[in-house]
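Data block below; observations after.
Each value in this text was obtained by applying a stated rule to the coordinates, not by laboratory testing. Just so you know, these numbers come straight off a predicted model, no measurement behind them. Here the Cβ is made from the backbone with ideal geometry for all residues, glycine too, and neighbour counts use every protein chain on show.
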Amino acid sequence: MKALQVDKKLAKLGMARMLSAISPAAAVRMGPLEMVTIDPPALPGPGWYRVHTHLAGICGSDLATVEGHASAYFDDWVSFPFVPGHEVVGHLDDGRRVVIEPVLGHAARGFEPPFEGAAPGDGNDYAHLATGHLEPGIQIGFCNSTCGGWAPQFVAHDSQIHEIPDTMSDEQAVLVEPAAGGIHAALLTLPIVGGAERPVVAVLGAGTMGLCAIAGLRRYVPGVQIIVGARYPHQQSLATALGADTVVKPDELARAVRRATSSHMVGDHLSGGADATIDAVATSDSIADCLRFTRPRGRVVLMGMPAQVSVDLTGLWHRETQLVGAYTYGTETMLDGSRRRTFDLAIETAQQLGFERLLSATYRLDDHDDAIAHAAAAGRRGAVKIAFDLRPAPKKESA
Amino acid sequence: MPRPGFVLEVDRSTPPILFWRGENFSLEKLPAGRSRVIYPPEPLKAIDDIDSAITHALLNPIDQDPLPALLLPGMRLTICFDDVSLPLPKMQQPDTRQRVIEAVLDMAAEAGVDDVHIIAALGLHRRMHEYEMRHALGDRIYDAFHPRGMLYQHDAEDHDNLAVLGTTDHGEVLEINKRAAESDLVVYVNINSVPMDGGWKSICTGLASYRCLSHHHNGETLQNTRSMSGHRKHSALHTSIWRMGQVLQENGPKLFQIETTLNTDMFPKPFDFIAKREWEWTGRDRATYLATTKSLNRTPLRIARKIFHNIEAPHQMTSIQAGETEAVHALTLEHVYRQQLVPVEGQTDILTMGIPYVCPYNPDSVMNPILVMCMGLGYLFNMYRNKPLVRQGGVIIMTHPTYRDFHPVHHPSYIDFFEQVLPDTTDPVVMGHKWERQYAEDEWYRHLYRTGNAYHGVHPFYAWYWGAHGQQHAGKVIIVGGDAPTVRRLGFTPASTMDDAFEIATDVVGRAPTITHLHVPSLLVADVS
């Protein structure tokens, strides 16, 4: 089958990294992503299923990989060559339509789950991600053994499979995985804001993940006042539609938070600030900004995937700010103490909020250069999520 | 003998006309046969012996005893003075305020008055920097009074030091500085650059609390203020202030009002070409213009601002009158009109004006977008008596870069106003009801106003209200050369060139509109028949 594959070719990674600042399309052409012909992956064992891809999204982490920006941290947590694609809706051989929770957790790798009913992302030890009967890989889409969604088929373990209702379109379903990520980030604010009367949560960045976090905050963090820094007009409109109370340009966010929290501005920091902030950008500047307008003893949830950053952490130290990563999803503890799987929350959210509106464009796999260039410039081009469409092309009607 | 004001009918031989563009200028060709330019009168001759004139005014006041007769040992004397929001540009030293206050202090010393406080009547303006106080008052006064806590700036948020003097029959509470309210005599030292200032406005705004000011500094009142430069009865603002003045007169301290007027000699060399009539420019003037504009084009904005704000104007005193407030002010207005009045026949479809680098609310600071609106629609548009220069529903065209730039120390609440209020509404009444309270009660703004050099939190609202009538009167407002997104946020239409602006204006006023250009500088009052 034809698939898009990333191989560890340092020269190509370097070339992609260099070109990405000038032309994402050129970076893709010259980079480590290639269209190859490969055999479909074998089923690794019992409990594994073959998934036939319908739609597979292009995520920020995928872009970082194909543009050569991914951190060296991942070198030992992935296995080359791999087929990207972890935001996937497809069907199994038996015809069931499914979305995939891509984390290759304990069950998928033949280990005992950390607790009864654990989700793939749960647990406090990541040893299983690099060991077991599969090649290393944090998720489907970064593992040589499973293939990924940027191919017509790949394999997934029973623990990763979520059957979706007939009423849910593929266009909604392909947004379930990012929705789960956003909801997880939103719920990571609960230890700080849970129970407060009118807590303020700021969200910096309103791409797919930022928008999903806004939706998650509105649905699962009661009473929260959401202030969003969104760069582009369509992002501002969607942020408002998904429940943001105040939407401003990113460079206006600090002052918007100041007004909402009646803080003073002392130097470049607020005296108080947002109870929690979700950073959906994760650059040196964005992290520094979030630390500036999050209140002392508040929490900054780092949802975007950072690489190397340079940040003055004196303020974090002085303000005793918590800086928390938000990688994926798993089992969440809700405000009332109940436990829910993030993916279940995400399926509800994507369907009820009509997340198909976040899917801006789809491309065939052959047009991957254009697709990735579009995804890399999504905000500027008025788009949110770009995905590959691997469903059979509709037959042309004969005259 | 200075020449009076003048209305030039533009014909094909008329040279291009000078327009301010913030920290720069441009020359614009106005359409012949349907444009006119209003030139201000030339500067009047200043008083020859200013110090003698001051002494004479203090010894021969109008409807009031001579000042020495009002000064008694053991009394509480408070001297208040206008802040550096005027004159513009700042005047060459010695400043009028220094000259007058030194004269008052000499008489107080002779009378044995030693309880003297000097208060800057800031209203809700920013506290002045030390160098500004020294410029206005001179080192002698500053060094003698400031270290002893007897020279300070009014604080409209210091509720322990405010006093209610009464309420008007319209329910307006007059609340002013307590020291002034409880003084045996208040001497107010004014500089009157424009007809809207002076009179009861001096104390009733300069020493007032926010609560007191909000009775007349609001959207409704300013929309109903149909003339700031003409008859008081056409100004809801002044009508309200004059009601408060009656309360002040009945319940307040004894007052001794000193008002002064200046001529309009505003720009020294090499910038004196700005005030000249263009067809009288010499070769040297044209060369200076070219050199100035080309240099400014290459000069970083920060430096250009510094250059302009460092200009010290040669304008000098043309009159001084002292005594009873209303009588004094009536005479002051006569002197202001003598300098500034220009008879103009009828209105036109379009009014054009160049917006300079400065207005009363950005001395040594940034002309931010809100102040561009305030200067254009609040000040320049209102420089008329009887009726505006532009007809109801006509078009106002301004030239200014309208950069999105704010002075973070002087104008912190202006930034929030721009980011929060203007995207929501540009309607002065709506914004007043919806947003003003939040800005009034913001503790950070209070802190910065009281201890730093920031305008009060509500000041951007006041600046916006100032243009309320102009905004309501105009069918469209166009800014030439402004940053387009910023201009749009103000609710105006951006245009790249003056020709583009005229083309855009045709949607409102048709293809052959009549045009008036208000020549700035200097100050003038168009007496529109």
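For region B:398-405, what does the Karplus curve 6.51 cos²θ - 1.76 cosθ + 1.60, with θ = phi - 60°, yield as ³J(HN,Hα) per residue in whole Hz, taken in order and with x for Gly and Pro?
Each residue's phi maps through the Karplus curve to give 10, 10, 5, x, 6, 5, 8, 9 Hz.
Relative to the longest principal axis of the C-alpha atoms of chain A, give the angle of the C-alpha long axis of helix A:208-220, reported between 0 and 90° and rounded to the nearest 10°.
Roughly 60 degrees, rounded to the nearest 10.
What average count of beta carbons from other chains do you get within 10 Å of the Cβ of residues in B:444-450?
Averaged over the peptide's residues, the number is 2.
Check which residues have an amide H placed less than 5 Å from A:I161's amide H, if you skip close sequence neighbours.
When sequence neighbours closer than 5 places are left aside, the close amide H contacts are A:E101.
What does the C-alpha gyration tensor say about the overall shape of chain B? Classify as rounded when a/c is under 1.5, otherwise prolate if a/b is larger than b/c, or oblate.
Values: a/c = 1.70, a/b = 1.42, b/c = 1.20.
Prolate, because a/c is 1.5 or more and a/b exceeds b/c.
Mind running the shape call on region A:189-325? Use the C-alpha gyration tensor, a ≥ b ≥ c as the square roots of the eigenvalues: rounded below 1.5 for a/c, prolate if a/b tops b/c, oblate otherwise.
Here region A:189-325 falls in the rounded category.
Just grab the label-to-label distance for A:T314 and A:R364, each label 7 Å out from Cα along the Cβ direction, in nm (one decimal).
Going by the 7 Å Cα→Cβ label model, 5.9 nm.
For a quick check of your reading of the filter: which trypsin sites (Lys or Arg not before Pro) in region B:335-442 sit in a DSSP loop and have no more than 16 other Cβ atoms within 10 Å? Intermediate values should be presented prior to the final figure.
Values: sites: B:R338, B:R385, B:R391, B:R404, B:K434, B:R437; in loops: B:R404.
Sparse-neighbourhood loop trypsin sites (Lys or Arg not before Pro): B:R404.
With axes computed from alpha carbons, what is the tilt in degrees of helix B:50-59 against the longest principal axis of chain B, rounded to the nearest 10 within 0 to 90?
50 degrees
Let a ≥ b ≥ c be the square roots of the eigenvalues of the Cα gyration tensor of chain A; is it rounded (a/c under 1.5), or, if not, prolate (a/b larger than b/c) or oblate? Before the final figure, lay out the partial values.
On the way: a/c = 1.58, a/b = 1.46, b/c = 1.09.
Prolate, because a/c is 1.5 or more and a/b exceeds b/c.
Placing +1 at every Lys and Arg Cβ and -1 at every Asp and Glu Cβ, with all other atoms neutral, what dipole size does chain B have around its Cα centre, in debye to the nearest 20?
So the dipole magnitude of chain B works out to roughly 1680 debye.
Near the amide H of A:V51, under 5 Å away, which other amide H atoms are found, from residues 5 or more places off or on another chain, if H is placed in the peptide plane?
When sequence neighbours closer than 5 places are left aside, the close amide H contacts are A:F154, A:V155, A:A156.
In nm, what is the difference between 0.36 nm times the number of residues separating B:L301 and B:E220 and their Cα-Cα distance?
Going from the current span to full extension adds 25.5 nm.
What's the average, rounded to a whole number, of partner chain beta-carbon atoms within 10 Å of each residue's beta-carbon in A:350-358?
The per-residue average across the peptide is 0.
With a 10 Å cut-off between alpha carbons and a GNM built on chain A, which of A:A185, A:A241, A:A64 moves the most?
Sorting by GNM fluctuation, first place goes to A:A241.
Using 0.36 nm per residue, how much length does the chain from B:Q93 to B:D115 gain when fully extended, once their Cα-Cα distance is taken away?
Stretched out fully, the B:Q93 to B:D115 stretch lengthens by 5.2 nm.
For region B:304-459, give the magnitude of the charge dipole about the Cα centre (Cβ charges: +1 Lys/Arg, -1 Asp/Glu; no others), in debye to the nearest 20.
280 debye
Select from A:A202, A:P250, A:A280 the residue farthest towards the positive end of the dipole of region A:189-325; place +1 on Cβ of Lys and Arg, -1 on Cβ of Asp and Glu, and compute about the Cα centre.
Projecting each Cα onto the dipole axis, the largest value belongs to A:A202.
Expressed as a rounded percentage, what relative contact order does chain A have, with Cα pairs under 8 Å and six or more residues apart? Before the final figure, lay out each step's value.
On the way: 949 pairs, mean separation 67.1, N = 399.
The value is 17 percent.
Choose one of B:Y445, B:G393, A:H157: the residue whose Cα lies farthest towards the positive end of the charge dipole of the protein assembly as shown (beta-carbon charges +1 Lys, Arg; -1 Asp, Glu; about the Cα centre).
B:G393
What is the sum of charges, Lys and Arg at +1 and Asp and Glu at -1, for the other residues whose Cβ falls under 15 Å from the Cβ of B:P61?
That sum, taken over residues with Cβ under 15 Å, equals -4.
What angle, in degrees between 0 and 90 and rounded to the nearest 10, separates the Cα long axis of helix A:176-187 from the longest principal axis of the Cα atoms of chain A?
Approximately 20 degrees, to the nearest 10.
Using a cut-off of 15 Å between beta-carbons, work out the net charge of the residues near B:N251 (Lys and Arg +1, Asp and Glu -1, B:N251 not included).
Result for the neighbourhood of B:N251: -3.
At most 13 other C-beta atoms within 10 Å and a DSSP loop state: those are the exposed trypsin sites (Lys or Arg not before Pro) I care about. Give me the longest piece of chain A that has none. Before the final figure, lay out the partial values.
Working: sites that count: A:K8, A:R96, A:R364, A:R380, A:K395, A:K396.
Formally, the longest exposed-site-free interval is A:97-363.
Suppose every K and R has +1 on its Cβ and every D and E has -1 on its Cβ; what is the size of the dipole of chain A about the Cα centre, in Debye to the nearest 20? Numbers along the way, then the final one.
Values: 34 positive and 44 negative charges, 210 e Å.
Value, rounded to 20: 1000 debye.
Could you give the nm distance between label points at B:D272 and A:Y73, where each point is 7 Å from its Cα heading toward the beta carbon?
In this crude label model, B:D272 to A:Y73 measures out at 6.9 nm.
Can you give the Rg to Rh ratio of the protein assembly as shown, both from alpha-carbon atoms, with Rh computed by the Kirkwood formula?
1.10
Take chain A, connect every pair of alpha-carbon atoms lying under 10 Å apart with a spring to form a Gaussian network, then pick out the residue of A:A107, A:A254, A:A230 with the largest mean-square fluctuation.
Largest GNM mean-square fluctuation: A:A107.
Listing A:M303, B:M133, A:M15, B:M1 from the residue with the fewest other Cβ atoms within 10 Å to the one with the most, what is the order?
Ascending number of Cβ neighbours within 10 Å: B:M1, A:M15, B:M133, A:M303.
Near the amide H of A:F82, under 5 Å away, which other amide H atoms are found, from residues 5 or more places off or on another chain, if H is placed in the peptide plane?
Excluding prolines and chain starts, which carry no amide H, the hits are A:V6.
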